[in-house]
Amino acid sequence: MSILLGEKEYFKGVGKIQFEGQESDNPLAFRFYDENRVIAGKTMKEHFKFAIAYWHSFCGSGLDPFGGPTHHYEWDKSSDVIQRAKDKADAAFEFITKIGAPYYCFHDLDVVDQDNDAVVYKKRVETMTDVLKAKQDASGVKLLWGTANLFSHERYMNGASTNPDFNVLAHAGAQLKGAIDATIALGGEGYVFWGGREGYMSLLNTNMKREREHFAQMLHTCVEYARRNGFKGKFFIEPKPSEPSKHQYDFDSATVIGFLREFGLMEHFGINLEVNHATLAGHTFAHECQVAADAGMLASLDANRGDAQNGWDTDQFPVDVYEWTEAMLILLGAGGLAGGGINFDAKRRRNSTDMEDLFYAHIGGMDTIARALIIADKITQHGEYHRLKAGRYASFDSGKGAEFEAGKLKLEDLFAIASEVQPVQISGRQEYLENLIGRFI
Ligand code: XLS
Ligand code: NI
Ligand code: NI
């Protein structure tokens, strides 16, 4: 079967990327990501469900606050809105099949230009849904999640579902309906809410309580609509502490879990964690993964990385094997991602202007994560790491510690025990553990 699904080939000279193993010198090959390799009972393909982000890979132009586009796309030339959207879809599916990602993700307005008229826009999204459906059927590529872009249009400058003006909220609802319809029609496995404008710039003009309540009400309204229309997948909230809002309501995993509990939304939702968002929240990626996993909410990941020196969402491709090994240990411990996959929410740099750069970027990211999984599995099988970590809590496994965990001890009991025993100093052995992990990398 030809991997070329459109009429025109956009990524000329690059064929299907193959797994060639660690010794390969071919820059356009995988060294670690072997989709059929079984690790801990599942193939890599099943573990990761790698997805390509439509926005960064096929829309992002390299533009930054100081300069215009540097990525000039062949598929972005037609003056006809629908033709341009179709050309972009051709390019997208050509890339997705060549890189061998089983999934993709999109915002409604990644696939077709927005229009202020809600009815015109609805029609456009429906037209493109049919186009994407045909491409999915022809290629076997699936939709990991869909979402609505409720942050770019100027009407959302004061928020979307949290806008103080009900008329703006209604437009957000119209867009949400369209994006949910598209996700259902395309068999999307999840639906993401990322609220870039759901937050505030100043509390002087913001009723935070009301805005959070409106946000929760909108989520309930979406869940009701989607379930009534046959959506069986998970909804994901993607936390981020700030940017573009000064303060976003979905600050981090812990905040989101609290919010979902407060408003009775837990059963329908999981968390979609993004590496760079964790960093911006002042956490490690592992911290965010662990908080979500402990609540049974580790559902999906947006793979990227920040910059150690710059405090913004630089969305670079993952390269840090140590960081991902820690995450993969948590993921293996949680029994995998609950309903989602790994989406590359990452962009090549503004000055990475060769067409091959998009391939190098994804190959590097997929190999980094694959390598981390292989390492995490070896660490798990070796056993010492897990033994040491569990061993630190052994005093709660039996005797008085176990009674405390079971809620059987009163404060007076603790006093009585303390008057008889003195704790001996026990090392946390952080460096030992760091070296232990390092041995497998
Ligand atoms: C922005 C977010 C965004 C979401 C989807 O920082 O990462 O890209 O993933 O709306
Ligand atoms: Ni982001
Ligand atoms: Ni993201």
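A short reminder: the numbers here are calculations on the coordinates, not readings from a lab. Fair warning: this is a prediction, and the values are worked out from it, not measured in the lab. When we count neighbours, we look across all protein chains shown, and the Cβ atoms used for this are built from the backbone with ideal geometry, even at glycine.
Assorted remarks:
- Taking the chain and dividing mean pair separation by its residue count, relative contact order in percent (alpha carbons under 8 Å, at least six apart): 15 percent
- Most positive-pole-ward Cα, Ala40, Ser161, Pro102, against dipole of region 39-177 from beta carbon charges: Ala40
- One compactness figure for region 118-200 is 1.18, namely its Cα radius of gyration divided by 2.2 N^0.38 Å.
- Where only alpha carbons of region 43-97 are counted, the Rg and the Dmax (Å): 14.0, 44
- Using bins of 10 Å that start at zero, the share of Cα-Cα pairs per bin across the chain amounts to 4, 19, 29, 25, 13, 6, 2, 1, 0, in whole %.
- Top of Gln316, Gln422, Gln430 by mean-square fluctuation, Gaussian network on the chain, Cα under 10 Å: Gln422
- For region 31-91: relative contact order, % (alpha-carbon pairs under 8 angstrom, 6 or more apart): 17 percent
- 222 nm mean residue ellipticity, helices alone, for the chain (DSSP H n ≥ 4; -39,500 (n - 2.57); rounded to 500): -13500 deg cm²/dmol
- Largest mean-square fluctuation among Met328, Met366, Met355, in a Gaussian network model of the chain whose springs join Cα atoms under 10 Å apart, belongs to Met355.
- Mean-position separation - Cα centroids, region 90-127 and region 367-426, in angstrom: 48 Å
- Anisotropy class of region 191-251 from Cα gyration tensor, a/c 1.5 cut: oblate
- Backbone phi angles across region 116-125, fed through the Karplus curve with coefficients 6.51, -1.76 and 1.60 (θ = phi - 60°), yield HN-Hα couplings of 5, 7, 4, 6, 4, 5, 4, 4, 4, 5 Hz in residue order; Gly and Pro are listed as x.
- D (Stokes-Einstein, µm²/s), Kirkwood Cα radius, region 298-380, 0.890 mPa s at 25 °C: 181 µm²/s
- The trypsin sites (Lys or Arg not before Pro) of region 368-441 meeting both criteria, a DSSP state outside H, G, I, E and B (loop) and at most 15 other C-beta atoms within 10 angstrom of the site's C-beta, are Arg392, Lys408, Lys410, Arg429.
- Sequence-distant residues sharing a close amide H with Gly270 (under 5 Å, placed H): Phe235, Phe236, Ile237
- Extension gain, Asp307 back to Ala118 (0.36 nm per residue minus Cα-Cα distance, nm): 64.2 nm
- Using Cβ point charges alone (K and R +1, D and E -1), the dipole size of region 206-337 about the Cα centre works out to roughly 620 debye.
- Restraint check, Lys8/Lys88; Lys240/Lys347; Lys209/Lys234; Lys142/Lys234, Cα-Cα greater than 23 Å: Lys209/Lys234
- Neighbour-count ranking [beta-carbon atoms within 10 angstrom, fewest first] of Val192, Val131: Val131, Val192
- Alpha-carbon radius of gyration plus Dmax, which is the widest Cα pair, for region 222-264 in Å: 12.8, 36
- Cα gyration tensor shape for region 228-385, rounded if a/c is under 1.5, else prolate or oblate: oblate
- Applying both filters, DSSP loop and at most 14 other Cβ atoms within 10 Å, to the trypsin sites (Lys or Arg not before Pro) of region 197-274 gives Lys232, Lys246.
- Less than 5 angstrom separates the built amide H of Phe19 from those of Phe30, all sequence-distant by 5 or more or on a different chain.
- Gyration tensor verdict on region 127-173 (Cα atoms; rounded if a/c is under 1.5, prolate if a/b is larger than b/c, oblate otherwise): prolate
- Cα centroid separation, region 195-235 to region 1-68: 34 Å.
- Amide H contacts of Ala51 (H built 1.01 Å from N, under 5 Å, at least 5 apart or other chain): Ile342, Asn343, Phe344
- Farthest positive-ward along region 376-431 dipole, Cα basis, beta-carbon charges - from Gln425, Ala402, Leu388: Leu388
- Estimated dipole of the chain in Debye, rounded to 20 [Cβ of Lys and Arg +1, of Asp and Glu -1, Cα centre]: 600 debye
- Sites count as exposed loop sites when they are GluC sites (Glu not before Pro), lie in a DSSP loop, and have at most 10 other Cβ atoms within 10 angstrom; the longest stretch of the chain without one is 24-419.
- The fraction of all Cα pairs in region 30-167 landing in successive 10 Å bins from 0 to the largest distance is 10, 34, 32, 18, 6, 0, given as whole percents.
- Among Phe32, Phe285, Phe404, residue whose mean-square fluctuation peaks in a GNM of the chain (springs only between Cα atoms under 10 Å): Phe404
- Rounded FRET efficiency, nearest 0.05, which uses the C-beta distance separating Asp294 from Gln422 and R0 of 35 Å: 0.65
- Label separation (Leu203 vs Arg350): 3.5 nm, computed from points 7 Å beyond Cα along the C-beta direction.
- Site pair Val81 and Leu409 shows an inter-label distance of 6.7 nm when each label is modelled 7 Å from Cα along Cα→Cβ.
- Dipole magnitude for region 249-306: about 100 debye, using +1 per Lys or Arg Cβ and -1 per Asp or Glu Cβ, origin at the Cα centre.
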